[in-house]
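The values are calculated or read from the model by the stated rules, or taken from the named source; none is laboratory data. Treat the numbers as computed from the prediction; the structure is a model and nothing was measured. Note that we place each Cβ from the backbone using ideal geometry, even for glycine, and neighbour counts take in every protein chain shown. The protein model used for the area step is the full one, side chains on, heavy atoms only, and it has no ligands, DNA or RNA in it. Shrake-Rupley method; radii C 1.70, N 1.55, O 1.52, S 1.80 Å.
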Amino acid sequence: MNGIKNITMYHIYDSRGSSTVECQITTSNGIVSSIAPGGASTGKKEVASFPNGGVDSSLSIFNSKIKKEMLQWEFGKQKEFDKFLHELDGTENLSNIGGAMTTVLSLSYAKASAIEESVPLYEYIRRLTGTKLSIPYVLGNVMNGGRHAVGGPDIQEYLSLAMGKSARESVEANYMVHKVIMEKLKEKGMKAIGKGDEGGWVTSLGNIQALEVLSESCNYVREQGFEVYPALDLAASQFYNNGLYRYREQTVDGDGQVSYMVDLADKYNIKLIEDPFDEDDFDHFAQLTEKIGNKTVIVGDDLYTTSTERLKKGIGKGSTNAVLVKVNQIGTLSDTIEFIKLATMHKYKNIVSHRSGESCDNAIAHLAVGCGAYAIKTGVMGGERVAKLNELIKIDENRSM
Ligand code: 2PG
Ligand code: MG
């Protein structure tokens with residue numbers, strides 16, 4: 001089998017203008033590339049994106065020490081390759097060479113291996129996950145708050161969960177919700193003050209007023225024949241301190257937050273809630289899942305940070321019934337797949353996700369299809385989000401599943 005002919009690492013920028021890395025691998029059949037995304041509301045347990053010296057120090061380590069080692073690798077040995085990346089780094093949290101660099105090395109290697117095996121990336125990933133291919137539902141970010149917006153609500157993401165029969169139908173439903181929100185705001189004599197990091201509207205509405213607009217907009221789009229429901233990512237660690245959740249309208253403790261979520265889910269027909277508690281509060285997550293997990297998808301993002309070890313703890317406590325999957329939280333494709341397999345084994349739903357800082361790399365569309373994910377979360381507006389949605393539509397319409 002052929003191997004890496006050349007490998008180049010670039011210091012480039014993401015959709016937020018933050019420094020990141022791109023890895024290009026040359027194979028005898030062409031060039032593949034991967035770009036690392038970056039988070040703003042990162043979980044405490046995520047791997048380090050870069051070593052202490054930042055992107056440039058990551059790059060100089062690559063050029064002086066890693067590049068030479070890479071040139072010996074043949075394709076198609078994902079697990080061994082990713083293990084080798086861990087050995088090269090030598091730390092638990094990948095802080096020597098940086099998780100951004102291991103992510104792009106691992107994903108570029110996967111893309112190159114898929115080309116060498118003459119299969120689409122989703123099929124290469126399916127072989128690693130051992131699951132059935134499927135087209136995920138689409139979770140679109142239509143209103144932004146928290147760390148992704150200036151002047152918006154405390155809740156980070158007001159999402160629409162489109163459960164279409166095809167990728168196109170889901171994507172269209174989310175575009176409609178995004179448009180209808182603007183109309184609803186106008187009707188109410190309000191306006192958006194801009195767009196946030198993930199392309200959703202930013203308004204000066206309070207947390208509940210924004211939810212009302214989302215819910216009315218989803219209702220309207222449902223009346224047009226689309227299956228689409230409100231969903232939230234609270235990223236609650238960002239407004240949690242000393243046992244309390246401080247919203248601009250009110251302050252509640254953990255038990256109060258459980259009741260609040262139960263009420264909101266019921267009143268606004270919310271189908272999915274991500275990170276409603278602090279990232280270390282496995283117990284309140286479990287209380288909420290116990291109460292409404294039979295009808296609501298409860299997702300752990302900062303709670304698990306794509307770490308199998310943390311997921312084991314969550315499974316033990318019954319904390320959630322779903323997981324968010326982000327390759328750069330854990331640093332390699334193999335670690336991500338191990339996490340997905342554990343979640344799947346316990347009948348947890350997998351939701352493959354973008355980061356708030358993104359590029360036009362569309363690999364997560366393939367990851368979502370190749371692991372049989374329940375949903376893909378990748379925003380609605382902005383070239384870097386649309387790149388993934390368009391790829392998903394093309395995979396759906398070309399596949400022979
Ligand atoms: C999240 C993500 C993506 P960030 O919290 O789910 O929406 O945000 O990339 O900033 O962590
Ligand atoms: Mg999140």
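Which of the trypsin sites (Lys or Arg not before Pro) found in the stretch 86-168 are loop residues per DSSP with 10 or fewer other Cβ atoms within 10 Å of their Cβ?
132, 165
Measure off 7 Å from each Cα along the Cα-to-Cβ vector at residue 31 and residue 13, then give the distance between these two points in nanometres to one decimal.
Between residue 31 and residue 13, the simple spin-label model gives 2.1 nm.
If I take all pairs of Cα atoms in the stretch 123-242, what percentage of them are more than 27 Å from each other?
So the portion of pairs separated by more than 27 Å is 24 percent.
Please tell me which of these pairs span more than 32 angstrom C-alpha to C-alpha: 291/394; 68/394; 83/132?
From the list (291/394; 68/394; 83/132), the Cα-Cα distance tops 32 Å for 291/394; 68/394.
Rg and Dmax in Å for the stretch 263-337, alpha carbons only: what are they?
Rg then Dmax for the stretch 263-337, in Å: 12.5, 40.
How long are the three semi-axes of the equivalent ellipsoid for the stretch 6-118, computed from the Cα gyration tensor as the root of 5 times each eigenvalue, in whole Å, largest first?
22, 16, 13
Cα convex hull of the stretch 60-123: mean projected area in nm², to one decimal?
The Cα convex hull of the stretch 60-123, projected and averaged over all directions, gives 4.4 nm².
Any idea what Rg and Dmax come out to for the stretch 128-400 if you just take the C-alpha atoms, in Å?
17.3, 52
Could you let me know the centre-to-centre spacing of the stretch 127-205 and the stretch 255-304, using Cα atoms, in angstrom?
19 Å
Could you give me the percent of Cα pairs per 5 Å distance bin for the stretch 260-401, shortest bin first, beginning at zero and ending with the bin that holds the maximum distance?
Reading upward from the zero bin: 2, 10, 20, 20, 19, 15, 10, 4, 1.
Within the stretch 1-101, list the GluC sites (Glu not before Pro) lying in a DSSP loop whose Cβ has at most 11 other Cβ atoms in a 10 Å radius.
92
If I ignore ligands, DNA and RNA and count only protein heavy atoms, how much of residue 344 is accessible to a 1.4 Å probe, in Å² to the nearest 10?
That residue has around 60 Å² of solvent-accessible surface.
Contact order normalised by length for the chain, with contacts defined as Cα pairs under 8 Å and 6 or more residues apart; what percent is it? Each step should come with its number before you reach the end.
Numbers: 903 pairs, mean separation 78.6, N = 401.
The value is 20 percent.
Roughly speaking, what is the stretch gain from residue 222 to residue 6, that is 0.36 nm per residue apart minus the C-alpha to C-alpha distance, in nm to one decimal?
Net length gain for the segment: 72.7 nm.
Of the GluC sites (Glu not before Pro) in the stretch 215-277, which ones lie in a loop per DSSP and count no more than 14 other C-beta atoms within 10 Å? Each step should come with its number before you reach the end.
Values: sites: 216, 223, 227, 249, 274; in loops: 227, 249.
In loop regions of the stretch 215-277 (DSSP not H, G, I, E or B), the sparsely surrounded GluC sites (Glu not before Pro) are 249.
Just to be sure I understand: with springs between alpha-carbon atoms less than 10 Å apart, which residue in 315, 351, 97 has the highest mean-square fluctuation in the Gaussian network model of the chain?
Highest fluctuation among the options: 315.
Given the C-alpha centroids of the stretch 74-99 and the stretch 345-380, what is the distance between them in whole angstrom?
If we compute the Cα centre of each part, the gap is 22 Å.
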